[in-house]
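The values are calculated or read from the model by the stated rules, or taken from the named source; none is laboratory data. A quick note: this is a predicted structure, and the numbers were derived from the prediction, not measured. Cβ placement follows ideal geometry from the backbone for every residue including glycine, while neighbour counts extend to all protein chains displayed. Surface areas here come from the heavy atoms of the whole protein model, side chains and all, with no ligands, DNA or RNA. Shrake-Rupley method; radii C 1.70, N 1.55, O 1.52, S 1.80 Å.
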Amino acid sequence: MKTYTAEQVAAITNGILLCGDPQTEITNIQYDSREVTDGTLFVPIKGAKTDAHKFIEDCFRKGAAAAFTEYDAPEGADKPYIKVESTIGALHLLAAFHRRQMNVKLIGVTGSVGKTSTKEMIAAALSCGLDVMKTQGNRNSQIGMPMTMFDIASHNEAAVIEMGMSEFGEMDRLSDIARPDMAVMTNIGKAHIENLKTQENILAEKFKITKYFTKDSILFLNGDDKLLRQLHNKQFFKTVTFGLSEDNDYYADEIRTFGFSTSFMCVRHGKKTQLNIPALGVHIITNALAAFAVGEAMGLDEQTIAKGLAGYKNAPMRQQIHELKDFLLIDDSYNASPEATKASLDVLKKASSGRTIAVLADMLELGDEAPAEHYNVGKYLAEIGIDTLITIGNISENTANGARENGCERVTSFENNGEAYQYLKTIIEKDCTILVKGSRSMHTDVIVSNILADYK
């Protein structure tokens, strides 16, 4: 990141430099005290369980250059303490300032599901023609996304930024910081509906990604999503739709799958371009269409975009296919929602040449709709012919009921990952394919780690 002095940071964040050398140079920013190195500005966050202010002195011993604080500096302190009203608020101000210094086209990506895979797809599409920076991992939150701003360098020509929200007002704050030039909205599902109450509220909040759009900005919409389709051609800025339906500006034709890859024609404005994506699933096609549309808007030619998309790789814990000695493992353990889980079940079905086993844990933040949504996932699983279901958690007993009542005969439920894995080991057989998926806090990645350790 660009180097700042303690004095500059205090001015940018409306803070007060309580002590220390005003010219102390800051070369990186961290909120995790374990990641502090020489030149770090430490941002202590007050959490529900721990107030990270208690780690400030330890961070200085590790080489930190300065620290934000919401309190007074300790007596005798000689390092730069910058007092601010809110450390998270100060982080936002500094991130927003840094973003303004970078002459980069910023593409924001939001949606109920598929943000990370779409972000990865767009970055892949642009990578052969532009110097691209992208969100690392899943840093799309009120802390993670501002931190991502500091990764943007002066040589970057494009930045693909994931922007997530789960409560009212969060997208407002993220837009204040990132101010995207373009944005992609993947879908409006039921993730976080417990907090936001209705899909219409989710749409309204996510649409705030366009808060700072100008007439030259472009919003890319999944036109197969009924709520997003309503936004098309009704804005003062340009909107572009993508999806499987032929009434989209960008749509897919001649879809084929071979092995673990998908081939199709990207059709737009009377032109066709063949795309080959090394991944499976309808959502992969939709994501690639969005990425192709963004690539053309960024001025790249079709061959360059197609070459970039051919090098796409799924992000860790997101439908990663592991070819083990006798069977396949699909690791989709990062998170879960009804829409994403159904998409992953489709991939399980397509990838398998033998018995299919779905290991599904609770999908959280669905509020009153949780029982029905879990039941519907189980029903869908049975309808597409998944052979075996293992559920984990109390809510997922509804998934088990939905599967069992609609024809899936091999259904077993467990309270925790350990019990589920012990049972899973007894039914693994040659040429089977296993999908593991659940909400992040269900820690189904532990099951994946155990499988890889025991069978790789």
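Residue-wise test of (1) among the acidic types (Asp, Glu); (2) within 26 Å of the chain's Cα centre (by Cα); (3) farther than 30 Å from Glu323 by Cα.
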residue: Thr214; (1), (2), (3): no, yes, yes
residue: Ser217; (1), (2), (3): no, yes, yes
residue: Leu221; (1), (2), (3): no, yes, yes
residue: Phe236; (1), (2), (3): no, no, yes
residue: Phe242; (1), (2), (3): no, yes, yes
residue: Asn248; (1), (2), (3): no, yes, yes
residue: Ala252; (1), (2), (3): no, yes, no
residue: Phe258; (1), (2), (3): no, no, no
residue: Val267; (1), (2), (3): no, no, yes
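Which is touching a strand residue (DSSP E or B) at 6+ places or on another chain (Cβ under 9 Å), over 24 Å from Leu41 (Cα atoms) and open to solvent by 10 Å² or more (accessible area, probe 1.4 Å), of Asp181, Asp151?
Working: Asp151 fails: over 24 Å from Leu41 (Cα atoms).
From the options Asp181, Asp151, the qualifying one is Asp181.
Looking at region 14-30, which of its residues are closer than 21 Å to Met102 by Cβ and either under 28 Å from the mean Cα position of the chain (by Cα) or surrounded by fewer than 16 Cβ atoms within 10 Å (Cβ to Cβ) (or both)? Reasoning before the result, please.
Start the filter on region 14-30 by keeping residues that are closer than 21 Å to Met102 by Cβ, which leaves 25-30.
Those that are closer than 21 Å to Met102 by Cβ and either under 28 Å from the mean Cα position of the chain (by Cα) or surrounded by fewer than 16 Cβ atoms within 10 Å (Cβ to Cβ) (or both): Glu25, Thr27, Asn28, Ile29, Gln30.
Working only within region 176-201, note down all residues that are outside any loop (DSSP other than H, G, I, E, B), hydrophobic (A, V, I, L, M, F, W, C) and modelled with pLDDT of 90 or more. Step through it out loud before you land on a result.
Filtering region 176-201 down to residues outside any loop (DSSP other than H, G, I, E, B) leaves 176-178, 182-185, 193-196, 199-201.
Those left that are additionally hydrophobic (A, V, I, L, M, F, W, C): 177-178, 182-185, 193, 196.
Matches in region 176-201: Ile177, Ala178, Met182, Ala183, Val184, Met185.
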Would you mind stating whether Leu345 is in contact with a Phe, Trp or Tyr (Cβ under 8 Å, 6 or more places away or on another chain), farther than 24 Å from Lys134 by Cβ and open to solvent by less than 50 Å² (accessible area, probe 1.4 Å)?
yes
Answer from Ala358, Ala382 - the residue that is in contact with a Lys or Arg (Cβ under 9 Å, 6 or more places away or on another chain), touching a residue at least 24 places away in the same chain (Cβ under 8 Å) and within 22 Å of Asp331 (Cβ to Cβ)
Ala358
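Restricting attention to region 56-105, which residues are more than 23 Å from Gly144 (Cα to Cα) and among the hydroxyl-bearing types (Ser, Thr, Tyr)? If you could, list the steps in order and put the result at the bottom.
Filtering region 56-105 for residues more than 23 Å from Gly144 (Cα to Cα) gives 57, 61, 71-80.
Tyr71 - this is the single residue of region 56-105 that is more than 23 Å from Gly144 (Cα to Cα) and among the hydroxyl-bearing types (Ser, Thr, Tyr).
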Unique match (being touching a Leu at 6+ places or on another chain (Cβ under 7 Å), within 26 Å of Gly378 (Cα to Cα) and surrounded by 15 or more Cβ atoms within 10 Å (Cβ to Cβ)) among Leu328, Leu244, Leu227
Leu227
Among the listed residues Ala125, Ala96, Ala77, which satisfies the condition of being open to solvent by less than 10 Å² (accessible area, probe 1.4 Å) and either in contact with a strand residue (DSSP E or B) (Cβ under 6 Å, 6 or more places away or on another chain) or in contact (Cβ under 8 Å) with a residue 12 or more places away in the chain (or both)?
Ala125
